[in-house]
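Data block below; observations after.
Each value in this text was obtained by applying a stated rule to the coordinates, not by laboratory testing. Remember, it's a predicted structure, so these values are computed and weren't measured experimentally. Here the Cβ positions follow ideal geometry from the backbone for every residue, glycine too, while neighbour counts run over all protein chains shown.
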Amino acid sequence: MATTFGTDRPAVQPVEVTAAPGIADPAPLGLAAFALTTFLLSVANAGWIRGTGMQWVGYALAYGGVIQLLAGMWEYKNRNVFGATAFGTYGGFWIGLALYVELIVPHAKDAAQVANDQAWIVLAFLIFNSYMLLWSMFVTWAVFAVFLTLEVTEILLVIGNFSHSGATVIKAAGIVGVVTAAVAWYTSAAGVINGIAGRHVLFVGKPLTFTSRPAE
């Protein structure tokens, strides 16, 4: 057997292979980022604020956008296809919406043109949200509630933006959006405390399960 110079040890030493440690669950972070940005935009849509109405844009880019997108990428590391798809898509949504407001809206001819653009944007994400709503039933009931309230919010936003007199519908969308944010915050909080405690402290509900067919 070959030995290293000046010793009797083998030239090739055995190396113990250990599994790489897993990463923390990124879902509570992604949900928190989604909730806060949704809340800021929704209170503006509901007409509850007395400021510029643009307080959400920076946080859409940084928190709801970049941070949620990172949560989605970490979900890939966890092999969670649902979380990766949801957080990645809505992270991109918030980044895109912030860029649209900053780069496109200042050059629009009038508010009606912007409303029409936003209606089509939200409609596209409504299509995505609709099938994710169905698949969320196989995650937890808390996650299903997030997608359900978001579905209603997006439907109202599409109707309100396509309508020539949709101010009332937009306000309704803002109110439902606040409810969506609250549900997302709750689900985020449940993920944090349940992960810390190692048990269900806050209710999230059991997922539906696929029934496997017997082999034929």
Per-q log10 I(q)/I(0), the chain, q = 0.08, 0.17 Å⁻¹ (Debye; single scatterer per alpha-carbon; no solvent):
-0.37, -1.20
Longest principal axis of the chain (C-alpha) makes with the long axis of helix 167-197 (C-alpha) an angle, in degrees to the nearest 10, of 20
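Starting with the fewest neighbours, write out ILE170, ILE104 ranked by other beta-carbon atoms found within 10 Å of each beta-carbon.
Working: ILE170 20, ILE104 12.
Ranked by crowding around the Cβ, least crowded first: ILE104, ILE170.
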To the nearest 10 degrees, how steep is helix 111-136 against the longest Cα principal axis of the chain, on a 0 to 90 scale?
40
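Ranking ASP117, ASP25 by Cβ neighbours within 10 Å, fewest first, what do you get? Mind showing how you got there, number by number?
Values: ASP117 15, ASP25 18.
In order of increasing Cβ crowding within 10 Å: ASP117, ASP25.
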Those trypsin sites (Lys or Arg not before Pro) in segment 49-137 that DSSP places in a loop and that have at most 13 other beta carbons within 10 Å
ARG50, ARG79, LYS109
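If Lys and Arg each add +1 and Asp and Glu each add -1, what is the summed charge of the other residues whose beta carbon sits under 15 Å from the beta carbon of ALA190? Could you put the intermediate results ahead of the total?
Numbers: positive: ARG199, LYS206; negative: ASP25.
Counting the neighbours of ALA190, the net charge comes to +1.
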Order of TYR131, TYR59 under a 10 Å beta carbon neighbour criterion, fewest first:
TYR131, TYR59
How large is the helix-only mean residue ellipticity at 222 nm for the chain, computed as the sum of -39500 (n - 2.57) over DSSP H runs with n ≥ 4, divided by its residue count, in deg cm²/dmol to the nearest 500?
-21000 deg cm²/dmol
Which whole-number percentage describes the relative contact order of the chain, with Cα contacts under 8 Å and a sequence gap of 6 or more?
25
How tilted is helix 81-99 with respect to the longest principal axis of the chain? Cα atoms for both, answer in degrees (0 to 90, nearest 10).
50
